[in-house]
Amino acid sequence: MNRLMIVCGVATLFVMGITAHPRGAPSSVCDDPFMEPIYHRDHLNATPYNNTDEYTLQSAPIEGRPGIVRVTLTGPRFKGFVVRASTTGGEINQGQFIIDEDSDFHALHCSNNTDIAVTHSSPEFKDSVQLLLRDNNNGSYVFQATVVPTIETYYINIFES
């Protein structure tokens, strides 16, 4: 009987792990300074890694579209991500991401602000994402990302290079 309970418990954790936030991170993650995927850390014992050069985050204004910045996250295949815009003065959750209706991303509502961080809306593997930001801060942003390549690992402290 005890074996059956253990097997059921492990199976439940396995199913929970597979379905952990397949439609994106919760809004609370973008209010955390490190943007850690708390569910993965607390319930799946996921291992955090500080990004060294595995993932890159870059931004550039889009020529011909004043006030619009393209933000690109690239690296080895990953399933989940969160990207946030902060000011160079350290104010988190600044800017406004532009999300199309048919996009594979959705905006997060952090600290009662709208569209200031973006997460995945599909658990499919990807090796890059391109996002658009409406520049409300004259180009003075620090972009930060967290990437979840598997349910067992995540990378934090991904800043624009």
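FYI, it's all coordinate maths here, none of it is from the lab. Keep in mind it's a predicted model, so treat the numbers as computed, not measured. Please note: Cβ atoms are built from the backbone with ideal geometry, for glycine as well, and neighbour counts cover all protein chains shown.
Quick notes on this one:
- From largest to smallest, the equivalent ellipsoid semi-axes obtained for the range 30-161 from the alpha-carbon gyration tensor read 23, 15, 14 Å.
- Spacing of the modelled spin labels on Ser122 and Ile38, each 7 Å from Cα toward Cβ, amounts to 2.9 nm.
- Positive dipole terminus of the range 94-161, leading residue within Thr119, His109, Val129 (C-beta point charges): His109
- Full-stretch length increase - Thr52, Asp100 - with 0.36 nm per residue and alpha-carbon distance subtracted: 14.2 nm
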